[in-house]
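Here the structure comes first, spelled out in structure tokens, and everything after it is commentary.
The values are calculated or read from the model by the stated rules, or taken from the named source; none is laboratory data. On a predicted model such as this, the values are computed, not experimentally measured, just so you know. Cβ coordinates were reconstructed from backbone atoms using ideal geometry, including for glycine residues, and neighbour counts include every protein chain displayed. With ligands, DNA and RNA removed, areas are computed over all heavy atoms of the protein, side chains included. Shrake-Rupley method; radii C 1.70, N 1.55, O 1.52, S 1.80 Å.
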4 protein chains.
Amino acid sequence: MIEIAKLGHVALVTPDVEGSLTFWRDIVGLDEVDRDGDTVFLRSWGDFEHHSLSLAPGGEARVDHVAWRTKRPEHVEQFADGRDDVRWIEPGEEKGQGRAVRFESPQGHSFELYYEMEKAPRSARLKSNSARAWSHGVSPRRIDHVNLVSDDPAQTCSWLGETLGFEMRELISMNDGSMLGGWMGTTNLLHDIAVMRDERAARFHHVAYYLDNAQDVLRAADILQEHALLVDAGPGRHGISQAIFLYVKDPASGHRLELFSGGYLVFEPDWEPVVWHEDELALGMTWWGPDLAGAHEMATTTSF
Amino acid sequence: MIEIAKLGHVALVTPDVEGSLTFWRDIVGLDEVDRDGDTVFLRSWGDFEHHSLSLAPGGEARVDHVAWRTKRPEHVEQFADGRDDVRWIEPGEEKGQGRAVRFESPQGHSFELYYEMEKAPRSARLKSNSARAWSHGVSPRRIDHVNLVSDDPAQTCSWLGETLGFEMRELISMNDGSMLGGWMGTTNLLHDIAVMRDERAARFHHVAYYLDNAQDVLRAADILQEHALLVDAGPGRHGISQAIFLYVKDPASGHRLELFSGGYLVFEPDWEPVVWHEDELALGMTWWGPDLAGAHEMATTTSF
Amino acid sequence: MIEIAKLGHVALVTPDVEGSLTFWRDIVGLDEVDRDGDTVFLRSWGDFEHHSLSLAPGGEARVDHVAWRTKRPEHVEQFADGRDDVRWIEPGEEKGQGRAVRFESPQGHSFELYYEMEKAPRSARLKSNSARAWSHGVSPRRIDHVNLVSDDPAQTCSWLGETLGFEMRELISMNDGSMLGGWMGTTNLLHDIAVMRDERAARFHHVAYYLDNAQDVLRAADILQEHALLVDAGPGRHGISQAIFLYVKDPASGHRLELFSGGYLVFEPDWEPVVWHEDELALGMTWWGPDLAGAHEMATTTSF
Amino acid sequence: MIEIAKLGHVALVTPDVEGSLTFWRDIVGLDEVDRDGDTVFLRSWGDFEHHSLSLAPGGEARVDHVAWRTKRPEHVEQFADGRDDVRWIEPGEEKGQGRAVRFESPQGHSFELYYEMEKAPRSARLKSNSARAWSHGVSPRRIDHVNLVSDDPAQTCSWLGETLGFEMRELISMNDGSMLGGWMGTTNLLHDIAVMRDERAARFHHVAYYLDNAQDVLRAADILQEHALLVDAGPGRHGISQAIFLYVKDPASGHRLELFSGGYLVFEPDWEPVVWHEDELALGMTWWGPDLAGAHEMATTTSF
């Protein structure tokens, strides 16, 4: 079976690229690193590939694809073999990237698998970084994970496990036996992907970028509030993942960002998922901080 | 080839178990979780196994072994197959642990491979933790890595790569072409093990425990200084690994602890080691903070 | 006119002294420093007097008095001169304290003025502190301010200014011209006392203790949640005062504590109060974090 | 006797105004708020007056004056009355400022007393601030204190006490009975001014700017090191004042900046100075962190 090395990037479509750049580049503080026609490529100073986010123009906001890097070059071809539901992306079709495949989850989330990607230069004085930290805006270190919405999280999670090798790390189990949400990983991160339930089939809740310290998330809240950006919810600490969080939406597109710090890592190969029962739901979502279940703004999602 | 899932534990021998307990349990804040005769087992609130540190009585301070958990149960046997330089450790010989093998690096560092280990209960209110955070002392989250001293780090590192699958992440290259030190990992941590050069063959520099925030390391410095414990060096930030660090020695044994936060993670399967040349050595050791090369106290090590 | 040097202490009455000690001493981490009969005296490691909090037994929770230290010894007598609404407290009547006077605000808040008070020893290794920091619990540095409830904050604030020399630093002005709340100081702290409106005449909203870093408040939230203590609201940042806050109630008495960090200081002798208008109320209360106006638990107060 | 309300500003002369602006404005992150000919005025987002720092061109780096705001308008005239060693500065001679007097300490440090100063607008969304926090560079909150060098700190401190009302808060007492340094305040800050001994009569060691959190000082160290600015010493924590510190020099002028966080406040009117004896000197200078006595770079000073 193929193995996933990491979340690579998220390709967003926005009705207002310049407006979205104000948010992701100027306020969040990602670096604009390349353009291809009207599509803009960005990454953080601790991202090691050509891009971790792209902004392409489109009539309405949607996620074009969520891309995963495989552990070996041959995994991309291996994955495509014998499947007729994948589409090949040729080298350079997405700037910086080699041959890749696109495909959909049963619920319609669009994914991409790739191995070849142009490396970011190591251009900071702190030579393991691709650029100077703290040059502008919030300045997170790197992309962390994605959170998707599905009308059947149990099915989406099973598919993620069987098809891509994700393992369940934490989940919410309802009294009727159904799964409200699952947090899955293939790396040592508590999760690389989460799936939460909503009546709509394939939606996008957020992409998360990581900051080294909880204090960096508090500083982000200060910066966002000076720009009068509605903070959806946070800062707070999740019970699930234990991470410090803050949610904010790009006002030009509605795509949501989670600024994220401090979640724990999983090294155990025989990890038993942490199960939060329905009556523990509130604590699982929020160890301390805002009631996420009650946050109206948190219910909005963008489409695939 | 076998795969290593994680650093499991470090088994320390100390001439003064009670004195060492004052340090590791009362001041560092690990939880004492079990005893077997005069040997005491400890772990942090975010360690998920029976123990991550043990303190056994002995005439002089030394490291009995550094233990690695394999990714699969069969890896332990697989590793031992055909080798005549391993010693079997029977189940229960080390409390909480199943069948394991012990063996030495070419320089004489004693390692252990195991898979079976009693799991820590999830007994905190924050249910993914094995115990309450912040109950006493410094209260780090979990064990992180070990740092060893070798008279031939290049050879030790090659052996670690060929035998146990560690990959080079960062290294210091001297003008004469030799390697002064290597930082290697099998997980997404920048390093699970480091090897630095010294004239003595097999020595132990430190075991590191992780804290979520740089501020937690500063708080640790306050606590240690209130106990009049000589802080070897730090707080500071390494160039290599980018981590916030602080070094302190158990006064009863001389074994050194690094309190560690914020190092970056490596997800790239084709990671190219970051090379620090001799003239960048100082910056590699210390991005900001104390001059580690000049810190006399940092040169002391304990034996295997 | 007399001058106030500082908030000295808050004398609380609790129906359950031992229960309240579990909260204030064991969880919040104040040091128990003395007893007088059933009354217990506590202070933080950065408080410089005999006590900053006392817990006395009583049928129901109430505030016995809020005590202010004068700048000069003669101010106590000067204040009492010609007033027939003060009551003298003889030396030792309150342990550690010299001669003092007690009196009430027009709304019935009970205050004390004193100058003579036994000094705390400087017993920490960090010799400006009265005790070791971080020895147990949340471990705040020192008492900071009090927040009172009044049915007429404008009148209470005028009285505080005319009688005790407090200056208005920030206030909330409603559309009908009334003042919803005032934040007043005599020190460089943004405020030593706040008065907020409620239909009941003389109530106590909270006493605040200060922590050096926002991260220390986040750590406090972790500790409180491990003890299943309902966090009333927070962490968050106030607009007014700019401080990081977290509210929690002593479950044994209902008296509320604010853990507080980072508010700005006022050095200007001609400070013009920052006025928050009714439509800015939410932002004034919460720069980021929980909606305090909407927090039901925040409305509860204890009596004088 | 007159009273000092606060440290107002420091007027620096630099041989390279543009080079100094790169440091103080672009890297430290002060806002350039005004110019008067070749003189540039700067302040932080939490400074409430026209400027807290000025940079004027000159043949060599020196401090033109250190300015203190009086508590009352009449204090300026009162101070000048009957003294023939003061020089009047007319309104507008220093931009934004009313009538002021200049004079020297017995050792030749040049001071200014003023009351009238143009107020900074409150132009941030967080309305108590004069500008947006975190807009660029390190972004400290406000000016904090100055540290001067004198060949006779005892005499300088006596003069500061008798002439300007500063009170001794902490001091270093040598075995021969002399005072190596004194930390004095008129506000609740542990110190507004410090005086340390050196063979040269009137020198300037540093001006300090305050940051709310220790983590902000660590972030500053990252920013400074990315700009290859030699960090003189730090981060660390002083024993004296308990503050987190980091020292760095403007490379264009040699004037030193201390980035400072978390020092304790003094509210006691009968504060007894904390005395550090010669054998406690190292701990007084450095609770944890670099050996300041041994830091060669720390010995350099600029002239008045």
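Which value does Rg/Rh take for the stretch A:175-231 over its C-alpha atoms, Rh per Kirkwood? Ratio of gyration radius to Kirkwood radius for the stretch A:175-231: 1.08. The figure for residue C:189 is an accessible area of roughly 10 square angstrom, using a 1.4 Å probe on the protein chains alone. Computed from phi, the 3J(HN,Hα) profile of the stretch D:90-100 under the Karplus parametrisation 6.51, -1.76, 1.60 (θ = phi - 60°) reads 7, x, x, 4, 10, 4, x, 9, x, 5, 9 Hz, with x in place of Gly and Pro. Residues whose amide H lies under 5 Å from that of residue D:8, counting only those 5 or more places away or on a different chain, are D:67, D:68, D:69; hydrogens are built 1.01 Å from N in the peptide plane. Among residues of chain B, the one whose Cβ lies closest to the rotation axis carrying chain B onto chain C, together with that distance rounded to whole Å, is B:215, 2.
In this assembly of identical copies, the label point of residue B:104 (Cα plus 7 Å along Cα-to-Cβ) is separated from its counterparts by 6.3, 7.4, 8.4 nm, sorted shortest first. Take the Cα of residue A:198, step 7 Å toward its Cβ, do the same at residue B:90, and the gap between the two points is 5.9 nm. In the protein assembly as shown, the calculated helix contribution to ellipticity at 222 nm averages -4000 deg cm²/dmol per residue, counting -39,500 (n - 2.57) for every DSSP H run with n ≥ 4. Phi angles of the stretch B:277-288 translate, via the Karplus equation with coefficients 6.51, -1.76, 1.60 and θ = phi - 60°, into HN-Hα couplings of 7, 3, 6, 9, 3, 4, 5, x, 6, 9, 5, 8 Hz per residue; Gly and Pro are given as x. Note on chain D: semi-axes of the ellipsoid equivalent to its C-alpha gyration tensor, largest first and rounded to whole Å, are 26, 25, 19. Scattering from the C-alpha atoms of the protein assembly as shown alone, worked out with Debye: what is log10 I(q)/I(0) at q = 0.06 1/Å? So the normalised log intensities work out to -0.51.
Which distances, in nm and shortest first, link the residue D:125 label point to the same label point in every other copy, taking 7 Å along Cα→Cβ? In ascending order, 3.1, 3.4, 4.5 nm. Placing a label point 7 Å from Cα along the Cα-to-Cβ axis, residue C:59 is separated from the same position in the other copies by 7.5, 7.5, 8.5 nm, shortest listed first.
Working note: Cα atoms of the stretch C:155-304, range along each principal axis, descending, whole Å: 44, 33, 30. Temperature 4 °C, viscosity 1.567 mPa s: under these conditions the Stokes-Einstein estimate for the stretch B:63-129, based on its Kirkwood radius over C-alpha pairs, is 99 µm² per second. Take every pair of alpha-carbon atoms less than 8 Å apart whose residues are at least six positions apart; their mean separation over the length of chain B yields a relative contact order of 18 percent.
Residues whose amide H falls under 5 Å from that of residue C:232, counting only those 5 or more places apart or on a different chain, are C:247, C:248, C:249, with hydrogens built in the peptide plane. Measuring with a 1.4 angstrom probe and ignoring ligands and nucleic acids, residue B:41 comes out at about 10 Å² accessible.
Take every pair of alpha-carbon atoms less than 8 Å apart whose residues are at least six positions apart; their mean separation over the length of the stretch D:219-293 yields a relative contact order of 31 percent.
Rounded to the nearest 20, the size of the Cβ-charge dipole of the protein assembly as shown about its Cα centre is 0 debye, with Lys and Arg at +1 and Asp and Glu at -1.
Considering only D:120, D:67, D:175, and ranking their Cα positions along the charge dipole of the stretch D:20-179 that arises from unit charges at the beta-carbon of Lys, Arg, Asp and Glu, the one farthest toward the positive end is D:120. Working note: Cα atoms of the stretch B:124-216, range along each principal axis, descending, whole Å: 53, 24, 22. When the C-alpha to C-alpha distance is required to be over 31 Å, the pairs from A:95/A:249; A:6/B:127; B:249/C:119; A:249/B:119 that qualify are B:249/C:119; A:249/B:119. Amide H contacts for residue A:193 (H built 1.01 Å from N in the peptide plane; partners 5 or more residues away or on another chain; cut-off under 5 Å): A:146, A:184. Once all protein chains are placed together, residue A:34 keeps about 40 Å² accessible to a 1.4 angstrom probe.
Placing dummy labels 7 Å off each Cα toward the beta-carbon, the span from residue B:271 to residue A:22 is 4.0 nm.
Calculated FRET efficiency, residue D:280 and residue B:72, Cβ-Cβ r, R0 35 Å, to nearest 0.05? So the FRET efficiency works out to roughly 0.05.
Treating r as the C-beta distance of residue B:299 and residue D:299 and R0 as 35 Å, the FRET efficiency rounds to 0.80. Normalising by residue count, the stretch D:69-188 has a Cα convex hull of 155 Å³ per residue. Note on residue C:163 and residue C:291: with the Förster distance fixed at 45 Å, the Cβ-Cβ geometry gives a FRET efficiency of about 0.85. Size of the stretch D:6-132 from its Cα atoms: along the principal axes, largest to smallest, the extents are 45, 37, 24 Å.
Can you list, largest first and rounded to whole Å, the semi-axes you get for the stretch C:1-74 by taking the square root of 5 times each eigenvalue of its Cα gyration tensor?
On the way: eigenvalues 114, 43, 18 Å².
Gyration-tensor ellipsoid for the stretch C:1-74: 24, 15, 10 Å.
Measuring between their Cα centroids, the stretch B:215-245 and the stretch B:13-54 lie 21 Å from each other.
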